[in-house]
Each structure stands twice: as structure tokens, then as C-alpha cells.
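Enquirer: First the structure, then my questions, so here it is.
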Amino acid sequence: MRPILQQPDQDQILRRRGWIRTPLLDESGVAALRSRVEGLQPSDGFAPEAQDPAQPTYHCTYLDPKVEYRRASDALVREFFAAPLARLLADYRILTSNIHVKPPGQGALMIHQNWPTTASLADTTITAWCPLIDVDEGNGALQVIDGSHKLLPEVANFASRPYFADFEDTLKERYFEPLTMAAGEAVLFDDSLLHYSADNRSAAPRVAIQIELVPREAETVIHWLDPAAPDRFEVLAADSDFYVEVGPGLFAGRPKLPSRGFVPNRNRQIDEGEFAALLARGEEIRDALYR
């Protein structure tokens, strides 16, 4: 098995649970990074005002239309996180990143899996999520379902309906665990892990950094679903610069990227009973995939 994390004990936990929590930035690093973040100039001033219910009520870097801001954000995240993450992960590299800010009273993020970002769907890609303030359920902490990673050959995509769409409320009521964390701690999680976060019900903005990491040797791509051909995904080559430069243009139609061919769309809908059965068999399912 290709290692994911440098430390074998942490690697084992990540494979079993789908996530681990670890210190990442110290107090002075958090303070320095917060100061630098506050000096950035996104279009929404880190306080978006949604014009309709379909729009997000949180700030996210790649959704901001200012390319100068997206470039500055990317450079800042790499400056602070490249070295500490390299000490934790086994030869992974940063692909892309976002500053996420939930203003008071808003900012809920739907249940989702992160999109696969490498040409091989057998790769394990990782997200590092690091809050810059203390977080708990009250101000929109990350929530996860232990062992919900790699249960189905799902290609998460903004254009396709997720497999759990029919029982999302039940997932929130019965399965999710909010992660109380100190500023500078990080959660490293498998991108196929189910996760979400609720509104920030506190009086202060909730600021966090999200970083996508991929095996250094992997070819990076996006999986594009054409509504006219829903039985397959087109695999398009997409490097780090793509995410910085295209921003919200990703949702405006097929990006002008080189095609690497097609893979079948094996996504399907399930009910809560099947989800519970898959969750119970999770280690068996994943053991075959990892090996």
C-alpha cells in the first residue's frame, strides 16, 4: 500500500476512520496568518450577501471573481502550510486551497464529498482543514461521519445528484459528529469522507483554511459531466493554476482543458438502510481498495 501519512500509526487511523486530527500551526503562526488574511481584498470583503437561496452564504476563495485575490490567497496558504504538511504526509503536494469564512448567523455548507482530482480514481486524495479560531458546533465546526469514506465508487460532482440525497436529514440527525478544535489544529481527511458544517451561530466570523493535497506523482484532473451524456464523465487535465485562474468560471460550461478520455458514470442512489449496511462493512470494502 502506498503510504498516505508519514507516521504508520496515524496512517492506520486515517485509513480506518477517514480522518485524523493533528496540531499544524502554533499560536504565533495562527496570529501571523490571520493578520495576513485580514490584509487580503476579496470582492465580498469576507462577508457575502446571497441574492437568492441557491447562492452560498459563506466566503470561499475560488468563488470570488477577483483573480488577483485568488492568486494572493493561494500564495499565502502555500507559504504557511507547505512545510508543516510535508512533514505529515508521505510525498503529497498542494493542489489548491481556499479561505472559508462564515459570517455571524450564516454559512452552512451542504453535506458532500470532495471532488476526485486525480486521473486514477484509486488514488487517495486528502483535504487539510485548519480553523484560525477555536471552533465547535455553535460556530460552524466541521462535522464528519466516521468510516464513510470509499463506500461507493461515487464520482462527486457539482452536476450530479449525490448518492445520499434522499436521506440527508437522517444523516444529520443520526450520523454526523461535530469536531471541536483549537485554532491551528487541523483535520486531515480522505476526500470521499462525508462532511458538512452548519451555520455560524456565534457573533464572530469563523475563519478556516481548506487545502487539497494529492500524491506527488498523480496526474491531476477534473471529471466533467455533460448533461447530454450523463452515462460518463470526461476526464480533463487540470493543474493548480487552473483552480486559481478559472475561479467561479468552472460553473460556466466545459472548461477549455485537454481531454484525457472518459470514464463510466457509476454513481447511483441508495437509501439509508443500504448506507448503514455499507458503513458496517466499511473496513472490508476499503481493505480491498487500498490493496
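The values are calculated or read from the model by the stated rules, or taken from the named source; none is laboratory data. Keep in mind that what you see is a predicted model, and the values were worked out from it rather than measured. Don't worry about glycine lacking a Cβ; one is built from the backbone with ideal geometry, like all the others, and counts go over all protein chains shown. Accessible surface is based on the protein model in full, side chains and every heavy atom, while ligands, DNA and RNA are left aside. Shrake-Rupley method; radii C 1.70, N 1.55, O 1.52, S 1.80 Å.
Enquirer: Rounded to the nearest 0.05, what FRET efficiency is calculated for E173 and M1 with R0 set to 41 Å and r the Cβ-Cβ distance? Could the numbers behind the result be given before it?
Expert: Values: r = 35 Å, r/R0 = 0.85.
The pair E173/M1 has a calculated efficiency of 0.70.
Enquirer: Between A159 and E49, take the C-beta separation as r, use R0 = 30 Å, and let me know the FRET efficiency to the nearest 0.05. Intermediate results must be reported in sequence, preceding the final value.
Expert: Working: r = 26 Å, r/R0 = 0.86.
Between A159 and E49 the formula returns 0.70.
Enquirer: Starting from the Cα-Cα distance between E217 and R268, subtract it from 0.36 nm times their residue separation and give me the gain in nm to one decimal. All intermediate terms of the calculation are to be shown ahead of the outcome.
Expert: Working: separation 51, 0.36 × 51 = 18.36 nm, distance 3.01 nm.
Here the answer is 15.4 nm.
Enquirer: Which residue, chosen from V144, M181, S192, occupies the Cα position most advanced towards the positive end of the dipole of the chain, where the dipole is computed from +1 (Lys, Arg) and -1 (Asp, Glu) charges on Cβ about the Cα centre?
Expert: Value computed over the given set: S192.
Enquirer: Can you give the three extents of the C-alpha atoms in region 1-127 along their principal axes, from longest to shortest, in whole Å?
Expert: 47, 34, 28
Enquirer: Roll a 1.4 angstrom probe over the protein heavy atoms and tell me the percent of accessible area of region 32-184 that is carbon or sulfur.
Expert: Working: 3180 of 6470 Å².
Summing carbon and sulfur atoms, their accessible area is 49 percent of the total for region 32-184.
Enquirer: Enumerate the amide H contacts of D134 below 5 Å, restricted to partners 5 or more residues apart or on another chain; note that Pro and chain-start residues carry no placed amide H.
Expert: A183
Enquirer: With every protein chain present, what accessible area does M110 have (1.4 Å probe, heavy atoms only), rounded to the nearest 10 Å²?
Expert: Only protein atoms counted, so the area is about 130 Å².
Enquirer: Still on this model: Could you rank R281, R70 by how accessible they are, 1.4 Å probe, largest area first? Please report the intermediate quantities before stating the final value.
Expert: Values: R281 110, R70 10 Å².
From most accessible down to least: R281, R70.
Enquirer: Summarise the accessible area of region 243-291 (1.4 Å probe, protein heavy atoms) by the percent that is carbon and sulfur. Walk me through the numbers on the way to the answer.
Expert: Values: 1670 of 3120 Å².
Using a 1.4 Å probe with all protein chains present, region 243-291 comes out at 54 percent carbon and sulfur.
Enquirer: Here's a follow-up. Which value, in nm² and rounded to one decimal, describes the direction-averaged projected area of the C-alpha convex hull of region 125-165?
Expert: Values: hull surface 17.9 nm².
If you wrap the Cα atoms of region 125-165 in a convex hull and average its projections, you get 4.5 nm².
Enquirer: Show me 253-259, 152-158, 203-209, 123-129 ranked by packing, highest mean number of other Cβ atoms within 10 Å first. Don't skip to the answer; put the middle values down first.
Expert: Numbers: 253-259: 11.4, 152-158: 16.6, 203-209: 19.0, 123-129: 22.4.
So the peptides 253-259, 152-158, 203-209, 123-129, ranked by packing, come out 123-129, 203-209, 152-158, 253-259.
Enquirer: Suppose accessible area is computed on protein heavy atoms with a 1.4 Å probe; arrange K172, K102 from highest to lowest. Mind showing how you got there, number by number?
Expert: Numbers: K172 90, K102 5 Å².
Highest to lowest solvent-accessible surface, that is K172, K102.
Enquirer: OK, next. Which residues' amide hydrogens lie under 5 Å from the amide hydrogen of D199, considering only partners 5 or more residues apart or on another chain, with H built in the peptide plane?
Expert: Counting only residues 5 or more places away or on other chains, the set is A108.
Enquirer: Could I ask something else about it? Give the relative contact order (percent, whole number) for the chain; include only Cα pairs under 8 Å separated by 6+ residues. Intermediate results must be reported in sequence, preceding the final value.
Expert: Values: 574 pairs, mean separation 76.8, N = 291.
Relative contact order for the chain comes out at 26 percent.
Enquirer: Where does the chain land at 222 nm, in deg cm²/dmol rounded to the nearest 500, when only DSSP H runs of n ≥ 4 count, each adding -39500 (n - 2.57), divided by all residues? Intermediate results must be reported in sequence, preceding the final value.
Expert: On the way: 7 runs with 76 residues, N = 291.
Using -39500 (n - 2.57) per qualifying helix, the result is -8000 deg cm²/dmol.
Enquirer: Whose amide H sits under 5 Å from the amide H of L95, counting only residues 5 or more places off or on another chain, with H placed in the peptide plane?
Expert: E212, L213, V214
Enquirer: Placing unit charges on C-beta atoms (Lys and Arg positive, Asp and Glu negative, everything else neutral), compute the dipole magnitude of region 248-291 about its Cα centre in debye, rounded to 20.
Expert: Here the size comes out at about 520 debye.
Enquirer: Considering every pair of different Cα atoms, what Kirkwood radius, in Å, is found for the chain?
Expert: Numbers: mean 1/r = 0.0511 Å⁻¹.
When all Cα pairs of the chain are included, the Kirkwood radius is 19.6 Å.
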